[in-house]
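Report on the following structure.
The values are calculated or read from the model by the stated rules, or taken from the named source; none is laboratory data. Quick caveat, the model's predicted, so the values are computed rather than measured. When we count neighbours, we look across all protein chains shown, and the Cβ atoms used for this are built from the backbone with ideal geometry, even at glycine.
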Amino acid sequence: MTEFNLIQIAIAILFLPLVGFAFVLFLGKKIKSAYLVEVGILILTFLLTAVLLFNKLYWFADKNIVSEFSWISYKNIAVFGNISIDLGFLLDNLSVIMIFTVALISMLVHIFSIAYMAGDKLYNRYFAYLGLFTFSMSGIVLTHNILMMYVFWELVGISSYLLIGFWYEKKSAPDAGKKAFLVNRIGDIGMFSGIMMLFNTYHTFTFEKIFAQMASGTLPFNSEFWLTVTGLLLFCGAIGKSAQFPLHVWLPDAMEGPTPVSALIHAATMVAAGVFLVCRIFPMLTGDALFIIAVIGALSALIPATIALTQNDIKKVLAYSTVSQLGYMVMALGVGAYKFAFFHLITHAFFKACLFLGSGSVIHAMHHEQDITKMGGLKKKLPLTYATFLIASLALSGIPLTSGFLSKDGILQGTFAFGSLTGYWLFPAVGFVVAMLTAFYMFRLIILTFHGEPKNKEKYDHAHESPFVMAMPLVVLSALSIFIWYTPNPINADAGLFLGKWIKTPSLSVPQNARYSFMKTDLVPEGKAENNRDISNEVKKEGTAEGKEVIYSEAYTEAMHHAHYPAMFLSLFVALTGIVFAFVFYYWKKISADKLARDIKPFYKLSFNKWYFDEIYNATFVTFTMLSSRVLAWFDNTIVDGIVNGAATVTRMISFFTGRFDNIVVDGLVNLMAYLSGFIGLVLRRFQTGRVQTYIVLVVFSLVIILYLFKTF
Amino acid sequence: MIHIGLGHFLFVSSILFSLGIFGVVTRKNAVMVLMGIELMLNASNINFIAFAKYGNFGLQGQVMALFVIVLAAAEAAIALAIVLNIYKTFSTVNVDEIDTLKD
Amino acid sequence: MSIYDIIFYLFATITLVSAFFVVTIRNIVYSAFFLLFTFFGVAGIYVILGADFIAMVQLIVYVGGILILILFGVMLTNKITNVQIKTGTSQIIPAAIGVGLFAGILTATLVNTPWRKIDNSPLFPTTQGLGLMLISEYGVVFELLGILLLIALIGAASLARK
């Protein structure tokens, strides 16, 4: 396997789903079983990603493979100077692991959908959309420049829109699709502005070139403030796509789409694209930008977690949980725990996909009943679903021996270290509170759904375990929620290859004094550093010895080390507390949840009504937009239309005169030409006598002309 | 007084040639057209021999002239046969009445 | 003006005047007779150019062969007694203009062309030389011409017989 082979595989991975999309879209109506082609293509894609992942990590673990070609290249354009836009692939560990995750979950969702969507009248089109989504998502992950990423970003948006509104007969589904699309646009405007600022400064879209130029001192408008602004603008895209705090409102509504879609797009992959984007642009995020990102992440983690406590729709609970977990990752990135954020992204993708597919299995068994208050006792009817759901829930709650425990613990550890270094203890506090809430609402969900007495006897009796194609993905995904795939040591994630070798925090391009203090690299010469250890104790020396850029100071490493066990035990403690509370409330019923809800009614209502975000947005932004639209409409109707009508009158008058001109002069000229042609024809016809002698005369004339033209004197 | 040279012979031949063309294009009778062609052939023969003499080509030009005369004889025989055929077909030898080419 | 020049002008005049009559005179039989004079004039010009054998061939073939052939053609296609023997002319004016321009441009060309001048190449009998050339250098062509004449003979006979 050479690097070139890997690039070839990557190209195949990218375009195979597109082929499937085109095939199923165009032939789906004629061929009933076209979806099988799509599923087959996805299985093939998955196998290719497996090959890619293995070869990349085994042979080229320390190397970024780039393949690019110049798409547009202009020299000396006015204003911009030299412009070259390259398109290409970047295969680093980040992207191959991500593409593997995407392809795996996408394949499992395809397989799951075979049974889940059976009997739908747009069965084939559904698979076509899934193929389009997989193509777009692969594009985001594999590209090496931010322009292509933006293009695929929007493609992902459109496929998300199509899939949310898939059941378009229901009014709520297209509405939710529109909402998702529009809310995402708000974020994308920010992202696009950020891209334009980058291009204006660096004249390229390629990440590596941007970072290289930035490291050599070129900054947007030559100021670190604008670098912060650029980073935050790009982060706006992630806010929209990953449903972060102000723009998180679309994700719960997106649950109107088919459940496998929710699993694929709104839990595991697309919403992770925002986090992936932040990972990609991590080298250019200043300390200020990271801090704001951390705050937004913390808010996004906390608020949806409180909402999820009181929701009764099984998918809504999971949706808010997703927002909360994405907030977790963003917060982790904000506090500099890059590795753990990406780790959590992957682990979360697996167990959240498992939870969503499990909920899909439940909903399927209950004949599209989504209200958990009407379920109960399904443990006996759906043993396999229950088991996998339980494993995934344990992972999400952060119980040892699961992958979620490792990644969540890492994030908490990172916030803990951040708090100890900078004094912002709010972040670890939020982290632990959210961990407890997560454990609580997940077990509330499990108890209400699977334990206790069945509340809807009729539907309960008809419930049955899902077929193999639905069960298999659940088993695979729950298996991937176990720690063993990531590290051999169930309490230390760093021991495994995943964090120990494959995922490394990228070296920063941000100027030294714009970074977090613990990420500064001191440029003290090596020998001196040894002697003045107490002075430059913020320098991590091993890093310099290896010739690599130091990312974290020694203090940070130490703080992380110290934070490891406290964070772990604390997180385990809060998770268990949350689970115990859930059992107290809903299983043993020692405390009545309803009574408590009545006692703290304002809080309950706040949570139950999702903090009134939709209402607030309706009252402010939507109303304001409608009002301004009305004003603009009035302006349009009276003033603009008046101008237009006036212009129309003038135009009509001009037209009248030009019409006259046309009729007389232009038509006259045309008729004259026709008459002339006829006349000439009449004359020329006389030469066609059919007599040889006439022709000879003409030949003589022609000969004279030719001789004259070629005369030698 | 100019001594007689190549130019004089060429002048005679060009006038003769022009007259031949004139005859070909003006006369109605096919036999007269044939006569015009003979004039043109003679004009070209004069050219051959004049160039042979003044161009110092030895006898080559005269051989060519001989060939032209032979061709003229063959042509005259064929042409007259054709004329006779035309006469049989159209009952006239006036070429201006034979305008089947027009249709 | 030497005797050579006088003879040239004499023959040139005969040739051109009679050729003019050939193409202008209405009576077709007179045309044929003027054609005879034209051929004589041309033969004279050949003699002046030192081509004695060609001049003889001209007289024999043209006057003795082609002219007789033409006269036969005239007689076979026109009734002598008829007025039809006076043939008409057509498109005189365009033809005259065209031919005049043509002659003019030819004359202008030959006047303005700087011809190479070789004087006084000696005159000698050409018959022997021609004969040798026809059977040596131009042997193949000579044979082909013979075949051509044969074909023409057969063709003419078969055409005329129909």
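Given the residues A:Ile239, A:Ile265, which is the only one that is of a type in the set (A, V, I, L, M), in contact with a Gly (Cβ under 9 Å, 6 or more places away or on another chain) and without any contact (Cβ under 8 Å) to a residue 60 or more places away in the chain? Spell out the reasoning first.
On the way: A:Ile265 fails: without any contact (Cβ under 8 Å) to a residue 60 or more places away in the chain.
When all the criteria are applied, what remains is A:Ile239.
Quick one: which residue in A:Ile85, A:Ile97, A:Ile43 is out of contact with any Ser or Thr (no Cβ under 9 Å at 6 or more places or on another chain), touching a residue at least 60 places away in the same chain (Cβ under 8 Å) and within 22 Å of A:Phe4 (Cα to Cα)?
It is A:Ile97.
Mind checking which helices (runs of 4 or more DSSP H) fall wholly inside the stretch C:3-67 and carry at least 1 residues that are among the charged types (D, E, K, R) and facing chain B (nearest Cβ under 10 Å)?
C:3-24, C:52-57
Could you say which residue among B:Phe11, B:Phe17 is out of contact with any Asp or Glu (no Cβ under 6 Å at 6 or more places or on another chain), without any contact (Cβ under 8 Å) to a residue 40 or more places away in the chain and more than 7 Å from chain C (Cβ to nearest Cβ)?
B:Phe17
If you scan the stretch C:73-95, which residues turn out to be facing another protein chain (nearest Cβ under 7 Å), at pLDDT 80 or above and out of contact with any Phe, Trp or Tyr (no Cβ under 7 Å at 6 or more places or on another chain)?
Across the stretch C:73-95, the qualifying residues are C:Gly73, C:Val74, C:Ile92, C:Pro94.
So, in the stretch B:73-103, how many residues would count as being within 27 Å of C:Gln91 (Cα to Cα), away from chain A (no Cβ under 14 Å) and crowded, with 19+ Cβ neighbours inside 10 Å?
Looking only at that region, the number is 4.
Could you grab the pairs with beta carbons closer than 9 Å, sequence gap of 6+ or different chains, first residue in the stretch C:100-114 and within 13 Å of B:Leu16 (Cβ to Cβ), second one among the β-branched types (Val, Ile, Thr) and part of a helix (DSSP H, G or I)?
From the stretch C:100-114, the pairs are C:Phe102/A:Val700; C:Phe102/A:Val704; C:Phe102/B:Ile21; C:Ala103/B:Ile15; C:Ala103/B:Ile21; C:Leu106/B:Ile15; C:Thr107/B:Ile15.
Quick one: would you say A:Ala349 is among the aliphatic types (A, V, I, L, M), in a helix (DSSP H, G or I) and more than 25 Å from A:Met519 (Cα to Cα)?
Spelling it out, A:Ala349 is indeed among the aliphatic types (A, V, I, L, M), in a helix (DSSP H, G or I) and more than 25 Å from A:Met519 (Cα to Cα).
With respect to C:Thr126, determine if the residue is more than 10 Å from chain A (Cβ to nearest Cβ), in contact (Cβ under 8 Å) with a residue 12 or more places away in the chain and surrounded by 12 or more Cβ atoms within 10 Å (Cβ to Cβ).
yes
Given the condition in contact with a Pro (Cβ under 9 Å, 6 or more places away or on another chain) and at pLDDT 80 or above, answer yes or no: does some residue in the stretch A:580-594 qualify?
no
Looking at B:Phe11, is it surrounded by fewer than 21 Cβ atoms within 10 Å (Cβ to Cβ) and not in a helix (DSSP H, G or I)?
no
On the basis of being at the interface with chain C (Cβ under 8 Å from one of its Cβ atoms), within 24 Å of C:Gly104 (Cα to Cα) and of a type in the set (S, T, N, Q), does B:Ser44 make the cut?
In short, no.
I'm told A:Leu130 meets every condition in (1) assigned to a helix (DSSP H, G or I); (2) out of contact with any strand residue (DSSP E or B) (no Cβ under 7 Å at 6 or more places or on another chain); (3) farther than 28 Å from A:Phe468 by Cβ except one. Can you identify the failing condition by its number?
(3)
Got a sec? Which of A:Asn645, A:Asn609 is within 30 Å of A:His451 (Cβ to Cβ) and out of contact with any Lys or Arg (no Cβ under 6 Å at 6 or more places or on another chain)?
A:Asn609
Please give the number of the condition B:Val68 fails out of (1) more than 7 Å from chain C (Cβ to nearest Cβ); (2) modelled with pLDDT under 90; (3) within 13 Å of the chain's Cα centre (by Cα).
Only one criterion is unmet by B:Val68, namely (2).
Kindly indicate whether A:Phe418 is closer than 27 Å to A:Leu247 by Cβ, among the aromatic types (Phe, Trp, Tyr), touching a residue at least 12 places away in the same chain (Cβ under 8 Å) and in contact with a Leu (Cβ under 7 Å, 6 or more places away or on another chain).
Judged against the criteria, A:Phe418 is not a match.
Of the residues A:Leu87, A:Leu155, A:Leu122, A:Leu142, only one is of a type outside the set (Lys, Arg), surrounded by fewer than 21 Cβ atoms within 10 Å (Cβ to Cβ) and under 20 Å from A:Gln8 (Cβ atoms); which?
On the way: A:Leu155 fails: under 20 Å from A:Gln8 (Cβ atoms); A:Leu122 fails: under 20 Å from A:Gln8 (Cβ atoms); A:Leu142 fails: surrounded by fewer than 21 Cβ atoms within 10 Å (Cβ to Cβ).
Exactly one residue qualifies, and that residue is A:Leu87.
Exactly one of these conditions fails for A:Ser95: (1) surrounded by fewer than 21 Cβ atoms within 10 Å (Cβ to Cβ); (2) assigned to a helix (DSSP H, G or I). Give me its number.
Tallying (1) surrounded by fewer than 21 Cβ atoms within 10 Å (Cβ to Cβ); (2) assigned to a helix (DSSP H, G or I), A:Ser95 fails exactly one: (1).
Looking at (1) assigned to a loop (DSSP other than H, G, I, E, B); (2) of a type outside the set (Asp, Glu); (3) modelled with pLDDT under 80; (4) under 31 Å from the mean Cα position of the chain (by Cα), which is the only condition A:Phe498 fails?
It fails just one condition, (1).
One line per residue, one yes/no per condition, for (1) within 14 Å of chain B (Cβ to nearest Cβ); (2) touching a Pro at 6+ places or on another chain (Cβ under 9 Å):
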position: A:Ser677; (1), (2): no, no
position: A:Val683; (1), (2): no, no
position: A:Gly690; (1), (2): yes, no
position: A:Phe701; (1), (2): yes, yes
